[in-house]
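Notes follow the structure.
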Amino acid sequence: MRYYETLYILNPNFEQSRVDDIVKEIEEHISKFGSVINHRVWGKKRLAYPIEQHKYGIYILLQFESDQAGALVEFENFLKLNNSVLRHQNVRLDEKPSEDEGHIIDDSEDIDEDVPMEEKLESVAEVSTESASDESEKSEESEEETEESEAVEEESA
């Protein structure tokens, strides 16, 4: 059995019902030659560069298994011809993915919502002033070093 992972991006303007229909359509196509392990909608994310004049896309991760390597070429052609899919990428996996893989880590849990915004801004300002003072110290040191090296060059000449 070979394991594959496909990440595909859908048009961001689709409603949830349209996204669900596309996901079902792709699962039906996979069921012809393999079986789906995970199929997760990651959600709407900003693209690295515009695709077909879209700045955002709906990312979906699909993990599946199949014995038929030739069917993968047919699946890629299916995704290319599907106008709803903006981009896709297939990757062969070395081992079977677990059922819990494919989740995006939610960074919002790390955000401390109990701290008032003023305190957050003050801590950011403190960090930036510390880094600015460090940079000014470094520039003063480098100026002293260049002055010393110039003095050594003048003495040797």
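Quick note: the coordinates plus some simple rules give every number you see, no bench work behind them. Everything quoted here is computed from the prediction, not taken from an experiment. Backbone-built Cβ (ideal geometry, glycine too); neighbour counts: all protein chains shown.
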What's the ranking of 71-79, 45-53 by average number of surrounding C-beta atoms within 10 Å, highest first?
71-79, 45-53
D21, D67, D94 arranged by Cβ crowding within 10 Å, fewest neighbours leading:
D94, D67, D21
